[in-house]
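Below is one structure; the comments refer to it alone.
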């Protein structure tokens, strides 16, 4: 049985570092690393804000999926790729992780409005 998850995570201090020129490469990197490892797929488009990422992912083997571990890997890999691509992001975060600890995870297909509300409620989190 397949499971679908909505996952969203903001950048630290809500810095606008997810510029358009990096988004395709970050998405491709996430698909090639974390999602391939867990037999997962991105459903639809990944929504990038300047300071957050929102994606809907599907895992075919739900028994083998531990979503908290996967979200940590997604954030870590996205951060590493972003810091590799962007000198500005590397300077802002001193070569460390670019994403906040807080993560939105849902299995109920909440829609973009619910995710946007969560993202906007977490504007000042460091």
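Please treat every number below as a calculation from the coordinates, not as lab data. Computed from a predicted structure; not experimentally measured. No Cβ is skipped: glycine too gets one built from the backbone with ideal geometry, and neighbour counts run over all protein chains shown.
Full extension of the chain between residue 88 and residue 72 yields a length gain of 3.5 nm, computed as 0.36 nm times the residue separation minus the alpha carbon distance.
Evaluated over the Cα positions of the range 49-126, the convex hull gives a direction-averaged projected area, one quarter of its surface, of 5.9 nm².
Relative to the dominant Cα principal axis of the chain, helix 112-121 is inclined by about 40°. Seen against the Cα atoms of the chain and their longest principal axis, helix 67-85 is set at about 40 degrees. Under 16 Å from a label point 7 Å along Cα→Cβ of residue 23: give me every residue in the range 72-87 with its amide N that close. Zone members listed by number: 82.
For the chain, the longest principal axis of the alpha carbon atoms and the long axis of helix 20-30 meet at an angle near 40°.
Per residue, the convex hull spanned by the Cα atoms of the range 3-117 amounts to 92 cubic angstrom.
Cα centroids of the range 71-117 and the range 1-35: 6 Å apart.
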